[in-house]
Amino acid sequence: MKTAYDPRHKNREEAVRQLFAWHFQKKQPIKNKLAQAVIKNQSKIDKTIAQAASEWPIAQINRTDLAILRLAVWELTVAAKEPPKVIIDEAVELAKAYGSEKSSSFINGVLGTVYKKIEKNEKKKS
């Protein structure tokens with residue numbers, strides 16, 4: 001059962017914090033391996049977010065929400081280690097804790113769209 005003290009949850013929280021800070025100070029050192037991986041794949045991740053949230057250009061997305069989305073999209077599309085529902089649930093929980101009142105529903109919607117696209121592509125392959 002997931003708790004606020006779960007090491008994976010804590011690692012994701014730290015990754016989101018570092019991604020948020022990195023947006024404003026790109027020269028700062030990034031110590032979290034998840035955040036490093038997200039930054040390395042940022043252009044691919046941002047394209048995926050832009051496709052899934054076509055009505056919201058990247059520049060207009062709340063920076064906290066964007067950090068959470070970037071991490072979750074990386075986990076869904078690049079890492080693909082955890083079950084998608086776990087990744088989405090974690091992102092929604094982070095949005096509830098750190099985002100605005102509407103962040104969790106926005107993030108859930110964007111990630112749901114990304115997940116549906118992944119499922120659709122997997123069905124085409126089989």
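The values are calculated or read from the model by the stated rules, or taken from the named source; none is laboratory data. Predicted model only: the values in this text are computed from it and were never measured. Every residue, glycine as well, gets a Cβ built from its backbone with ideal geometry; the counts of neighbours run over all protein chains shown. Accessible surface is based on the protein model in full, side chains and every heavy atom, while ligands, DNA and RNA are left aside. Shrake-Rupley method; radii C 1.70, N 1.55, O 1.52, S 1.80 Å.
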Inset, instruction - Classify the stretch 38-91 as rounded, prolate or oblate, taking a ≥ b ≥ c as the square roots of the eigenvalues of its Cα gyration tensor: rounded when a/c is under 1.5, otherwise prolate if a/b is larger than b/c and oblate if not. - result: prolate
Legend entry - Integer Hz, Karplus 6.51/-1.76/1.60 couplings in order for the stretch 57-66, x for Gly and Pro: x, 3, 5, 9, 7, 3, 4, 5, 4, 5
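Would you work out the charge dipole size for the chain about its Cα centre, treating the Cβ of every Lys and Arg as +1 and the Cβ of every Asp and Glu as -1, and quote it to the nearest 20 debye?
For the chain, the charge dipole is close to 480 debye.
Do you know the relative contact order of the chain, to the nearest whole percent, from alpha carbon pairs under 8 angstrom that are 6+ apart? Could you put the intermediate results ahead of the total?
Details: 108 pairs, mean separation 27.8, N = 126.
22 percent.
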Inset, instruction - May I ask you to give the solvent-accessible area per residue for the stretch 29-90, in square angstrom, as obtained with a 1.4 angstrom probe? - result: 53
Inset, instruction - For the chain, just say rounded, prolate or oblate: build the C-alpha gyration tensor, square-root its eigenvalues into a ≥ b ≥ c, call rounded for a/c under 1.5, and beyond that prolate if a/b exceeds b/c, oblate if not. - result: rounded
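Kindly provide the helix-only [θ] at 222 nm of the chain, computed as the sum of -39,500 (n - 2.57) over DSSP H runs of four or more divided by all residues, to the nearest 500 deg cm²/dmol? Can you show the working numbers first?
Details: 6 runs with 87 residues, N = 126.
Mean residue ellipticity, 222 nm, calculated: -22500 deg cm²/dmol.
Can you tell me the order of 65-71, 84-90 when each peptide is scored by its average per-residue count of other Cβ atoms within 10 angstrom, highest first? Write down the numbers at each step before the final one.
Numbers: 65-71: 26.9, 84-90: 17.1.
By packing density, highest mean first, the sequence is 65-71, 84-90.
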Legend entry - Cut-off 12 Å between beta-carbons: net charge of the residues surrounding residue 51, Lys and Arg +1, Asp and Glu -1: +2
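Among the listed pairs 26/116; 10/125; 26/125; 40/96; 26/85, which have their C-alpha atoms separated by more than 28 angstrom in this model?
On the way: 26/116 32 Å; 10/125 35 Å; 26/125 38 Å; 40/96 26 Å; 26/85 31 Å.
Listed pairs above 28 Å: 26/116; 10/125; 26/125; 26/85.
Would you mind calculating the relative contact order of the stretch 30-75 from Cα pairs under 8 angstrom and at least 6 residues apart, reporting the percent as a whole number? Numbers along the way, then the final one.
Values: 23 pairs, mean separation 21.5, N = 46.
Result for the stretch 30-75 is 47 percent.
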